[in-house]
């Protein structure tokens with residue numbers, strides 16, 4: 001699997017990592033760490049028909065402008081494999097940013113994950129996934145509800161990632177948005 005993500009800015013990334021560790025210590029929930037680093041996902045697919053994915057990502061990043069974002073609380077994706085996440089406040093700028101990425105990458109995406117289609121996408125940062133159960137989701141949610149989940153920050157990079165099921169996500173390369181240089 002491959003994808004396009006934006007790694008969170010340092011202050012927010014550190015905050016999310018703190019909660020990943022706290023959930024691991026208190027509840028034994030740590031599968032989220034397979035995602036490697038706290039981020040927002042723009043698109044994910046089985047693969048992309050690109051000769052040079054990093055060149056594509058670099059070009060796309062150069063064409064974008066930094067994006068102001070805000071979060072506004074917790075959310076839960078229900079189902080057989082629930083996810084607890086920090087919810088983003090959807091606004092026109094965030095929607096346009098995501099749609100621009102989707103329209104650029106969709107023509108070359110093989111079996112794209114439909115959850116990232118602009119009509120279905122729910123922007124979020126994952127706090128817990130894959131090892132949530134009926135027994136622990138209630139206590140974890142109650143614990144997390146004691147905190148405020150309101151952050152304001154800018155998205156200033158775009159990263160190309162790979163991940164095989166059950167393995168850690170690997171950030172292949174990170175590019176600054178609207179710049180000439182790669183960040184990593």
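The values are calculated or read from the model by the stated rules, or taken from the named source; none is laboratory data. All figures in this text were calculated on a predicted structure; none of them were measured in a lab. All Cβ positions, even for glycine, are placed from backbone atoms using ideal geometry, and neighbour counts span all protein chains on display.
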Please verify whether the range 134-150 includes one or more residues that are under 19 Å from the mean Cα position of the chain (by Cα), touching a residue at least 24 places away in the same chain (Cβ under 8 Å) and farther than 22 Å from residue 31 by Cβ. yes
Extreme residue, surrounded by the fewest Cβ atoms within 10 Å (Cβ to Cβ), among residues of the range 26-41 that are touching a helix residue (DSSP H, G or I) at 6+ places or on another chain (Cβ under 7 Å) and not in a helix (DSSP H, G or I): 30
Does residue 23 satisfy being buried (at least 19 other Cβ atoms within 10 Å of the Cβ), touching a residue at least 12 places away in the same chain (Cβ under 8 Å) and under 16 Å from residue 147 (Cβ atoms)? yes
List the residue pairs whose Cβ atoms are under 6 Å apart, where the first residue sits in the range 160-171 and is at negative phi and at pLDDT below 80, the second is surrounded by fewer than 16 Cβ atoms within 10 Å (Cβ to Cβ) and in a strand (DSSP E or B), and the two are 6 or more positions apart or on different chains. none
Note on residue 23: of the conditions (1) in contact with a strand residue (DSSP E or B) (Cβ under 6 Å, 6 or more places away or on another chain); (2) within 20 Å of residue 155 (Cβ to Cβ); (3) at pLDDT 95 or above; (4) not in a strand (DSSP E or B), unmet is (2)
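The rows are residues; the columns are (1) modelled with pLDDT of 95 or more; (2) farther than 21 Å from residue 54 by Cα.
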| site | (1), (2) |
| --- | --- |
| 86 | yes, yes |
| 95 | yes, yes |
| 102 | yes, no |
| 115 | no, yes |
| 118 | yes, yes |
| 125 | yes, yes |
| 134 | no, yes |
| 149 | yes, yes |
Does residue 74 satisfy the criteria of being farther than 22 Å from residue 177 by Cα and over 18 Å from the mean Cα position of the chain (by Cα)? no
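Condition check ((1) more than 14 Å from residue 4 (Cβ to Cβ); (2) touching a strand residue (DSSP E or B) at 6+ places or on another chain (Cβ under 9 Å); (3) assigned to a helix (DSSP H, G or I)) across all residues:
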position: 54; (1), (2), (3): no, yes, yes
position: 70; (1), (2), (3): yes, yes, no
position: 94; (1), (2), (3): yes, yes, yes
position: 105; (1), (2), (3): no, yes, yes
position: 118; (1), (2), (3): no, no, no
position: 142; (1), (2), (3): yes, no, yes
Scan of the range 56-68 for residues that are in contact with a helix residue (DSSP H, G or I) (Cβ under 6 Å, 6 or more places away or on another chain) and either in a helix (DSSP H, G or I) or surrounded by 19 or more Cβ atoms within 10 Å (Cβ to Cβ) (or both), ordered by number: 60
